[in-house]
Amino acid sequence: MSRDSTAKVLTVAFLLCLICSILVSAAAVGLNSRQEQNKIQEKRKNILQAAGLYEEGRPIEAQFEKIQPRLVDLQQDAFSRDFDPITFDSRAAARDPETRYRIPPEQDLAKIKSRSRYKVVYLVMNNDGDLQQLILPVHGKGLWSTMYGFIALADDLSTINGFAFYEHGETPGLGGEIDNPAWKKQWPGKKVYGPSGETRIDVLKGTVDRASANAVYQVDGLAGATLTARGVGNLLRYWMGEDGYKPFLEKLKEEGVKP
Ligand SMILES: Cc1cc2nc3c(=O)[nH]c(=O)nc-3n(C[C@H](O)[C@H](O)[C@H](O)COP(=O)(O)O)c2cc1C
């Protein structure tokens with residue numbers, strides 16, 4: 001076989017492809033666990049940020065020590081020990097017939113079709129062992145994607161301490177402005193429920209009239225991204241409503257957190 005024969009060129013090209021694909025596969029497999037770990041850290045950072053507890057530069061594990069993950073059964077509207085909250089995967093559970101709850105279309109404001117019967121929520125307790133904040137996972141459709149976030153409630157279980165998304169695929173500069181600190185700054189202090197317990201929180205199209213009595217339930221929309229902003233309002237009204245956490249929150253308010 002001459003040095004420049006077609007067979008030789010093809011053999012070299014084939015071997016090169018083989019070596020490169022082995023290297024790429026090895027890197028993907030090798031980095032998989034680190035990627036998973038990074039995802040967990042990112043989610044924890046967002047939980048801390050939603051609760052206003054994140055401190056830049058301090059290890060996230062140390063900061064997360066004061067947060068207690070607990071499993072909630074939304075069928076019983078109560079804490080549950082059916083699964084371990086540390087390892088429970090509520091996205092997988094939303095697909096599993098054993099744990100899936102199909103949302104009736106007329107209830108499905110978040111446009112997610114089904115959700116897990118169980119959700120992992122996060123408690124922040126004060127030094128006296130009383131609930132200081134409750135952090136709830138929420139998700140729903142924006143314009144292009146399902147948006148996943150956390151809402152942190154104060155001990156009255158209606159006042160918002162913070163709200164942040166940790167995963168979405170909305171357009172940067174348009175729907176992606178849900179991550180803009182200036183927009184997120186509006187949430188703390190807003191109330192989810194009205195005086196008779198009705199779910200009032202909403203994202204407007206346009207800006208909130210600060211003089212209005214309703215301003216405490218309202219957040220400004222996003223210019224040029226009304227569809228994403230509407231998705232945010234809808235997903236909040238679903239999760240904070242009758243088919244979401246509301247009955248659990250009402251029970252929790254009456255009974256308090258039991259160890
Ligand atoms: C390439 C492209 C990306 C867009 N991305 C978003 C988006 O992420 N979120 C959104 O609400 N609207 C997005 N829009 C705009 C919507 O189509 C729609 O015009 C907008 O939500 C209406 O909001 P407005 O009434 O505030 O203008 C995008 C439009 C284009 C052309």
Inset, instruction - Calculate how many DSSP beta bridges within the stretch 67-255 are antiparallel, expressed in % of all such bridges and rounded to the nearest 5. - result: 95 percent
Inset, instruction - State the extension gain, in nm to one decimal, for the chain segment bounded by Asn126 and Thr87, taking 0.36 nm per residue of separation less the distance between their alpha-carbons. - result: 11.5 nm
Legend entry - Helix-only mean residue ellipticity at 222 nm for the chain, each DSSP H run of n ≥ 4 adding -39500 (n - 2.57), per residue, nearest 500: -10000 deg cm²/dmol
Legend entry - Positive-end residue, the chain charge dipole about Cα centroid, Cβ charges, pick of Tyr245, Gly140, Leu71: Gly140
Inset, instruction - Give me the angle, in degrees from 0 to 90, between the Cα long axis of helix 226-239 and the longest principal axis of the Cα atoms of the chain, rounded to the nearest 10. - result: 60 degrees
Inset, instruction - Quick one: order Ile22, Ile112 by neighbouring beta-carbon count within 10 Å, fewest to most. - result: Ile22, Ile112
Inset, instruction - Treating the Cα atoms of the stretch 47-132 as identical point scatterers in vacuum, please give the log10 of the normalised Debye intensity I(q)/I(0) at q = 0.21, 0.25 Å⁻¹, two decimals. - result: -1.04, -1.19
Legend entry - Per-residue ³J(HN,Hα) for the stretch 81-97, Karplus 6.51 cos²θ - 1.76 cosθ + 1.60, θ = phi - 60°, Hz, x for Gly and Pro: 10, 4, 9, 7, x, 5, 9, 5, 10, 6, 6, 5, 5, 6, 9, 7, x
Legend entry - Reference-scaled alpha-carbon Rg (2.2 N^0.38 Å with N residues) for the stretch 1-65: 2.15
Legend entry - Charge dipole magnitude, Cβ of K and R +1, D and E -1 - the chain, Cα centre, debye nearest 20: 660 debye
Legend entry - Too-long pairs where the Cα-Cα distance tops 30 Å, listed order kept, from Lys43/Lys191; Lys43/Lys190; Lys205/Lys253: Lys205/Lys253
Inset, instruction - Positive end of the charge dipole of the chain (Lys, Arg +1 and Asp, Glu -1 on Cβ, about the Cα centre): tell me which of Gly189, Ile112, Leu174 has its Cα farthest that way. - result: Leu174
Inset, instruction - Could you work out how far helix 6-50 tilts from the main Cα principal axis of the chain, as a 0 to 90 degree angle to the nearest 10? - result: 20 degrees
Inset, instruction - Take the chain, connect every pair of alpha-carbon atoms lying under 10 Å apart with a spring to form a Gaussian network, then pick out the residue of Gly241, Gly233, Gly169 with the largest mean-square fluctuation. - result: Gly169
Inset, instruction - Mind checking the full-extension length gain between Val9 and Glu65? Use 0.36 nm per residue of separation minus the Cα-Cα distance, one decimal, nm. - result: 14.3 nm
Legend entry - q = 0.12, 0.23, 0.26, 0.28 Å⁻¹, the stretch 102-168: log10 I(q)/I(0) [Debye, one scatterer per Cα]: -0.39, -1.04, -1.14, -1.19
Inset, instruction - Determine, for Met125, Met147, the number of other Cβ atoms within 10 Å of each Cβ, and report the residues in order from fewest to most. - result: Met125, Met147
Legend entry - Ellipsoid equivalent to the stretch 137-259 - semi-axes via the Cα gyration tensor, in Å: 24, 17, 12
Legend entry - Residues Asp155, Asp209, Asp128 arranged by fewest to most Cβ contacts within 10 Å: Asp128, Asp209, Asp155
Legend entry - Cβ charges +1 (Lys, Arg) and -1 (Asp, Glu), total dipole of the stretch 75-147, debye: 500 debye
Inset, instruction - Do me a favour and compute the ellipsoid semi-axes for the chain from its Cα gyration tensor, root of five times each eigenvalue, largest one first, whole Å. - result: 41, 23, 19
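Every number in this text was worked out from the coordinates using simple rules, so none of it is lab data. The structure presented is a predicted model; accordingly, all values stated were derived computationally and were not measured. Note that each Cβ is placed from the backbone with ideal geometry, even for glycine, and that neighbours are counted across all protein chains shown.
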